[in-house]
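Below: one structure, written as structure tokens.
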Amino acid sequence: MLDILLINPNTSQATTDMMVAIASAELPPGFRITGMTARSGPTMIVNEEELAAAGLEVERVWRNAGDHWAGVIISAFGDPGIERVRAVSKVPVVGICEASMLAAGADGRAFGIATVTPDLLEAINADADTLGLSENYTGTRLTVGDPRVLASDAVALEAALSGAVLECMEDGAQAVIIGGGPLGQAAVGLAPHFDIPIIAPISAAVSQMLGLLQQNNR
């Protein structure tokens, strides 16, 4: 059994459980996901200050988790701490933001992002630029209201994100990422309702991880 560590940089155990369930559904036999939750910080990261602080917490969680993992998934949009962990890890380290953008922009496809966190917009734009995907990226469309309040209401969250997806499509997006780890269940729920790919970042990260592990075992 190959065990993959999923780190939730948010401090909500319920969110971790949801992320692990989504990730586990993507795994073939012989793999297992184990989730670990940040011990300090907000229940949901909504701005750049919290994102930066989460990077340090992700590294702490990883260092305390042991070294028996086949790979590591960082499950917050923005991939806090990913460069720190990659610099010292001997196994693949995947972030849900990077993985979902690479999947959405594959083969030159135009993609947009639907999310709830306006204060992370500059960080999201910078990630697209860093990955060399700016020409494919049609922009981010945002829901209205307090992101933490919205995320606590599954029905309202899915409805609000559905509207943001439609706006991305009007921008020319051929695929839309639901941008956020805590939005994982909404991403899964929205996918069947659209004729274009709705990219669930956690699923994209698992797919990227499995590909990397397959390459390493050749």
If you take the residues of segment 159-181 that are open to solvent by less than 30 Å² (accessible area, probe 1.4 Å) and outside any helix (DSSP H, G or I), which of them is nearest to Asp107 (Cα to Cα)?
Ala175
Suppose the filter is within 18 Å of Ala21 (Cβ to Cβ), touching a residue at least 60 places away in the same chain (Cβ under 8 Å) and open to solvent by 70 Å² or more (accessible area, probe 1.4 Å); does Gln185 pass it?
yes
Members of segment 190-218 found to be of a type in the set (S, T, N, Q) and out of contact with any strand residue (DSSP E or B) (no Cβ under 8 Å at 6 or more places or on another chain), listed by number:
Ser203, Ser207, Gln214, Gln215, Asn216, Asn217
Taking the condition in contact with a Lys or Arg (Cβ under 6 Å, 6 or more places away or on another chain), part of a helix (DSSP H, G or I) and open to solvent by less than 20 Å² (accessible area, probe 1.4 Å), does Cys97 pass?
no
Qualifying positions in segment 107-123 - assigned to a helix (DSSP H, G or I) and crowded, with 21+ Cβ neighbours inside 10 Å:
Leu120
Consider Leu190 carefully, then state whether it is outside any strand (DSSP E or B), at pLDDT 95 or above and open to solvent by less than 20 Å² (accessible area, probe 1.4 Å).
yes
Mind listing whichever residues of segment 44-59 are touching a residue at least 12 places away in the same chain (Cβ under 8 Å), out of contact with any helix residue (DSSP H, G or I) (no Cβ under 6 Å at 6 or more places or on another chain) and either closer than 30 Å to Asn217 by Cβ or of a type in the set (D, E, K, R) (or both)?
Gly55, Glu57, Val58
Report every pair of residues separated by at least 6 positions or lying on different chains whose Cβ atoms are under 8 Å apart, first residue within segment 6-31 and on the phi > 0 side of the Ramachandran plot, second open to solvent by 30 Å² or more (accessible area, probe 1.4 Å).
Gly30/Met1; Gly30/Leu2
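The values are calculated or read from the model by the stated rules, or taken from the named source; none is laboratory data. Not measured: the values here are computed from a predicted model. Every residue, glycine as well, gets a Cβ built from its backbone with ideal geometry; the counts of neighbours run over all protein chains shown. Just the protein is used for accessible areas: all its heavy atoms, side chains included, with ligands, DNA and RNA removed. Shrake-Rupley method; radii C 1.70, N 1.55, O 1.52, S 1.80 Å.
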